[in-house]
Amino acid sequence: MMRRFLQRFNGVVRARMAMGLVLLVCAFLAGHLPERQRVAADTPFFGYEAPYAPDFSQDYDRADNPRFLTVPMQQEREPSSVVLNESFFMPPPDVVPQTITRMQISAAYFSQLMDFNYVRTRLFLEDPSTMLLPEDIDVYEFLNADLRIDPSLPGPHVLIFHTHSTEWFADTTYDPMTGIMGVGAYLAQLLAEEYGLEVLHHMGRFDIVEGQPQIRGAYERMEPVITQLLADNPQIQLVIDLHRDGVAEGGGPFTHNLDGVPTARLMFFNGLSRRNVAGEPTPVQWLPNPYQRENLQFSFQAQIAANQLFPDFNRRVYLRAYRFSLHMHPRTLFVEVGNQYNTLREAKNAMHPLARILAEVLLAE
């Protein structure tokens, strides 16, 4: 009896020692894995739609804090597996593009913008995954950067696409054009008819795999297609990745009344290719963005234009750690339109102020 007890006891001890040794080896290896492998778990599973709970203790309004969560209603819909073709939007032959005079920044507003803390908290909203540094923003340089395009060149001048094509609205049907892709087509139409720009709207469905929704990997599937499209059309001078934001269930729509018209609010988005690691800025070296500064210049000017043309309409520019779709062209704008509780009409209404904001940056004399 005692011998069996001792044998069993020794077996348990040996098993626990072996388990402890395995855990020690795993901990040692984890500490020596390459950085890219160790942070894999931190990489957003849904591209920019990482399912995390925001820290509302920070100094910003709850309503202005995007919560990138998977929305059940998206998965309940049955998306079409058809890959839609590219659509070209040409200015009508008799169109007379609007003449836009560049707005002036007041001395008082310029003084505010020279305060980095003001810019960081009033124009931008930092995700905890990253951090904005003073050297990222040169206000004088950004305001004076000439980001205008030449619409006299043979087009297309603007490319609009959707990394996530199955982002729906509250009243979306099974027709993909009643989701974010239909909003993109409407923006293309406005830019052509009101501002004389030739627009290429690419309607590839990068978040559909074998007829089923597959958000994971959409950015990787998008990149070679859009990169080749840009190589084939070097005259493209602006690239827009148009999205619809997502909030937690019951969050309500992002809506603003413009002249009495219910309009989905806009939010520009930048990936900084930089992580916040225990308060230290750490470059995401395997996801470089050679156009990070140009991207920031564009969203900065667009945000300033939005704030002056349509006060309180735009949400703050959201900053996150990775590069998303912003590394393929210097003039790239990542735009979020409303959320899943907005209607398609509210989202389309937002394209009128967005087109005007773009014209201010791209065309104003």
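The values are calculated or read from the model by the stated rules, or taken from the named source; none is laboratory data. Here the structure is a predicted model, which is why all the values come from computation and not from measurement. Ideal geometry is used to build each Cβ from the backbone, glycine not excepted, and the neighbour counts take in all protein chains shown. Calculation scope for accessible area: heavy atoms of the full protein, side chains included, ligands and nucleic acids excluded. Shrake-Rupley method; radii C 1.70, N 1.55, O 1.52, S 1.80 Å.
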Test: R331 is of a type in the set (K, R), surrounded by 22 or more Cβ atoms within 10 Å (Cβ to Cβ) and in contact (Cβ under 8 Å) with a residue 12 or more places away in the chain: no
All positions within region 344-365 that are assigned to a helix (DSSP H, G or I), over 20 Å from the mean Cα position of the chain (by Cα) and among the acidic types (D, E): E360
Matching residues, region 266-288, being at pLDDT 95 or above, among the polar types (S, T, N, Q) and open to solvent by 20 Å² or more (accessible area, probe 1.4 Å): N276, T282
Scope region 226-270; condition polar (S, T, N, Q), more than 20 Å from the chain's Cα centre (by Cα) and not in a loop (DSSP other than H, G, I, E, B); matching residues: Q228, N257
Scope region 108-120; condition over 17 Å from F269 (Cβ atoms) and either out of contact with any Pro (no Cβ under 6 Å at 6 or more places or on another chain) or in a loop (DSSP other than H, G, I, E, B) (or both); matching residues: A108, Y109, F110, S111, Q112, L113, M114, D115, N117, Y118
Counted residues, region 153-190 - those being in contact (Cβ under 8 Å) with a residue 60 or more places away in the chain and outside any loop (DSSP other than H, G, I, E, B): 16
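Quick one: in region 289-319, which of the residues that are of a type in the set (D, E, K, R) and under 22 Å from P134 (Cα atoms) is surrounded by the most Cβ atoms within 10 Å (Cβ to Cβ)? Full working, then the answer.
Residues of region 289-319 of a type in the set (D, E, K, R): 293-294, 312, 315-316.
Pick out the ones that are also under 22 Å from P134 (Cα atoms) and you get 293-294, 315-316.
On the way: R293: 16, E294: 17, R315: 23, R316: 21.
Only one residue fits best here, namely R315.
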Residue selected from region 141-165 under the condition open to solvent by less than 10 Å² (accessible area, probe 1.4 Å) and of a type in the set (S, T, Y), by the criterion modelled with the highest pLDDT: T163
Tally, over region 273-314, of residues that are assigned to a loop (DSSP other than H, G, I, E, B) and closer than 17 Å to E336 by Cα: 4
Those residues of region 248-265 which are open to solvent by 10 Å² or more (accessible area, probe 1.4 Å) and either of a type in the set (S, T, N, Q) or farther than 13 Å from L344 by Cα (or both), in sequence order: A248, E249, G250, G251, G252, T255, H256, N257, L258, D259, G260, V261
Pairs, first at positive phi in region 252-273, second basic (K, R), C-beta under 7 Å, six or more apart: S273/R323
Residue that is least open to solvent (accessible area, probe 1.4 Å) [pool: residues in region 114-138 that are without any contact (Cβ under 8 Å) to a residue 60 or more places away in the chain and aliphatic (A, V, I, L, M)]: V119
